[in-house]
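Each value in this text was obtained by applying a stated rule to the coordinates, not by laboratory testing. These numbers were taken from a predicted model, which means no experiment stands behind them. No Cβ is skipped: glycine too gets one built from the backbone with ideal geometry, and neighbour counts run over all protein chains shown.
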Amino acid sequence: MPLPDDSSPGAFFCVLKRDGEQARDGAGYGKGDRDTAETGAVFEALEHHLSGLAGMDARALRIRPAHSFEGSAHTSDIAVSSE
């Protein structure tokens, strides 16, 4: 849904629902021109839902130094590559 004035680009707010109920952590905002804002809001809502902290077991988390990923499969991803 656009916020607050549909005639002006700026922001969108997205709520993910399943069977009429909001999905856990499934809300997000997007900004920019209309299409960019709407796409960003949906992406952020999905990101929050899929990586949300609700229900996550904090004991399963491990903090690792960045250099520990060197040479691993993670470094083949362009998003984390140093090249």
Being surrounded by fewer than 16 Cβ atoms within 10 Å (Cβ to Cβ) and on the phi > 0 side of the Ramachandran plot is true for just one of Gly52, Gly32. Which residue is that? Gly32
For the range 7-41, the count of residues that are among the hydrophobic types (A, V, I, L, M, F, W, C), under 17 Å from Ser51 (Cα atoms) and not in a helix (DSSP H, G or I) equals 5
